[in-house]
1. Could I have the simple spin-label model distance between A56 and D72, label points 7 Å from Cα toward Cβ, reported in nm to one decimal?
2. At 7 Å along Cα-to-Cβ for each site, give me the label-to-label distance between S83 and V43 in nm.
3. Quick one: Karplus J couplings for the range 66-77, per residue in order, coefficients 6.51, -1.76, 1.60, θ = phi - 60°, nearest Hz, x for Gly and Pro?
4. Dipole of the range 3-160 (Lys/Arg Cβ +1, Asp/Glu Cβ -1, origin at the Cα centre): which of N84, S52, F106 lies farthest to the positive side?
5. Counting other Cβ atoms within 10 Å, which trypsin sites (Lys or Arg not before Pro) in the range 87-134 have at most 11 and lie in a DSSP loop?
6. Residue separation times 0.36 nm, minus the C-alpha to C-alpha distance between A145 and T110: what's the value?
7. Once you list every other residue whose beta carbon is under 12 Å from the beta carbon of T102, what net charge do they have if Lys and Arg are +1 and Asp and Glu are -1?
8. Placing unit charges on C-beta atoms (Lys and Arg positive, Asp and Glu negative, everything else neutral), compute the dipole magnitude of the chain about its Cα centre in debye, rounded to 20.
Amino acid sequence: MKSIIVYYSLEGNTEYTAKEIAAKLDADLLRLEPVKAYPTGKVSKFVWGGKSAMMAETPQLKPYQFDAAAYDCIIFGFPVWASNIVPPLRTFIRSENLKGKTFAAFACQTADGAGKAFAKLRTELGIDSLAAELILLDPKSKPNAANAQKITAFCDSPCFHK
Ligand SMILES: Cc1cc2nc3c(=O)[nH]c(=O)nc-3n(C[C@H](O)[C@H](O)[C@H](O)COP(=O)(O)O)c2cc1C
């Protein structure tokens, strides 16, 4: 099984998790970046990112390299925004032919909403269930000893070891 982690991260928590998982699974990494970056200011990030998430936008992405045929499994990583997936992920999913792939996902959040975001992701992918799911609470900005165990359990999922 060859996996790729396709992720977006505004402030590093998702990127931190993506790199931990990539190291354990020997997976490739693809960081999505919108042409027009989302702001990181204390208030502006919630205003602009929140609006973009709620409106289910599909922002244009910077060019990236991705060969779907090279992968059996695609792991999506994202910060929960307004209980939704991040817009750059939606752009990617709608732009690529991902038929026949196994899908897994992890989400970073401060408090709540990942369950709803996973449901939106399943709808976007047209599937009933994800092969593996992981939810972490701000793993980079609020380190917690339990996170390593959760990441290991996620990486031990049978879907990655067929
Ligand atoms: C626009 C926006 C909306 C957010 N909405 C939620 C939310 O609905 N629930 C939640 O628990 N955290 C929410 N957060 C917090 C992030 O999901 C959380 O801090 C995450 O770990 C950030 O990941 P990153 O560092 O990879 O960007 C939101 C953050 C932003 C910027």
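What follows draws every value from the coordinates through simple rules; no lab data is involved. Bear in mind that the values here come from a model prediction, so they are computed numbers and not experimental data. Methodologically, a virtual Cβ is constructed for each residue, glycine included, from the backbone with ideal geometry; neighbour enumeration extends over all protein chains shown.
1. For A56 paired with D72, the spin-label model returns 3.3 nm.
2. In this crude spin-label approximation the distance works out to 2.5 nm.
3. Per-residue couplings from phi come out as 8, 10, 3, 5, 7, 10, 8, 10, 10, 9, 8, x Hz.
4. Of N84, S52, F106, it is S52.
5. K99
6. Working it through step by step, the gained length comes to 11.0 nm.
7. Taking every Cβ under 12 Å from that of T102, the sum is +3.
8. It works out to roughly 340 debye.
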